[in-house]
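Before any comments, here is the structure.
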Amino acid sequence: MAKTPTLEPRALKDRSGWYVLLTWPSGADEQINGFAAEAEAQTWIEHESQAWITKRQSPLPTDPNQLAKRIVDIATDADN
């Protein structure tokens with residue numbers, strides 16, 4: 001089993017855009033939407049995915065205000 005997530009650009013079934021399929025080492029899949037073209041998804045993988053993965057893997061804060069901000073950040077990232 002891979003220790004790092006795998007990332008693969010894929011076309012939406014209706015061909016209206018692209019997404020990145022991220023497969024975590026556990027085998028769980030996550031779909032990252034919002035790409036107009038394969039090249040855009042590939043560029044995100046090459047230049048932005050590592051920061052996104054690092055942010056997702058960081059532990060949640062214990063301070064309630066920081067936790068609330070982190071939840072909003074995660075929810076906002078899920079939309080992109």
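Looking at (i) 1.01; (ii) 1.24; (iii) 0.94, which value of Rg/Rh (Cα atoms, Kirkwood Rh) comes from a calculation on the structure shown?
(i)
So which aspartates and glutamates pass the test for Lys3, namely a Cα distance under 15 Å, with those fewer than 8 places away in the same chain ruled out?
Asp29
Under a plain spin-label model, where a point goes 7 Å from the Cα along Cα-to-Cβ, how far apart in nm are Thr76 and Ala39?
According to this spin-label approximation, the distance is 2.9 nm.
Measure nothing fancy, just the Cα-based angle from helix 64-78's long axis to the longest principal axis of the chain, in degrees from 0 to 90, nearest 10.
0 degrees
Setting aside same-chain residues fewer than 8 positions from Lys69, which aspartates and glutamates have a Cα under 16 Å from its Cα?
Filter leaves Asp77, Asp79.
Just subtract the alpha-carbon distance of Gln31 and Asp14 from 0.36 nm times their residue separation and send over the number in nm, one decimal.
4.6 nm
Just so you know, all these numbers are worked out from the coordinates, no wet-lab data involved. These numbers were taken from a predicted model, which means no experiment stands behind them. When we count neighbours, we look across all protein chains shown, and the Cβ atoms used for this are built from the backbone with ideal geometry, even at glycine.
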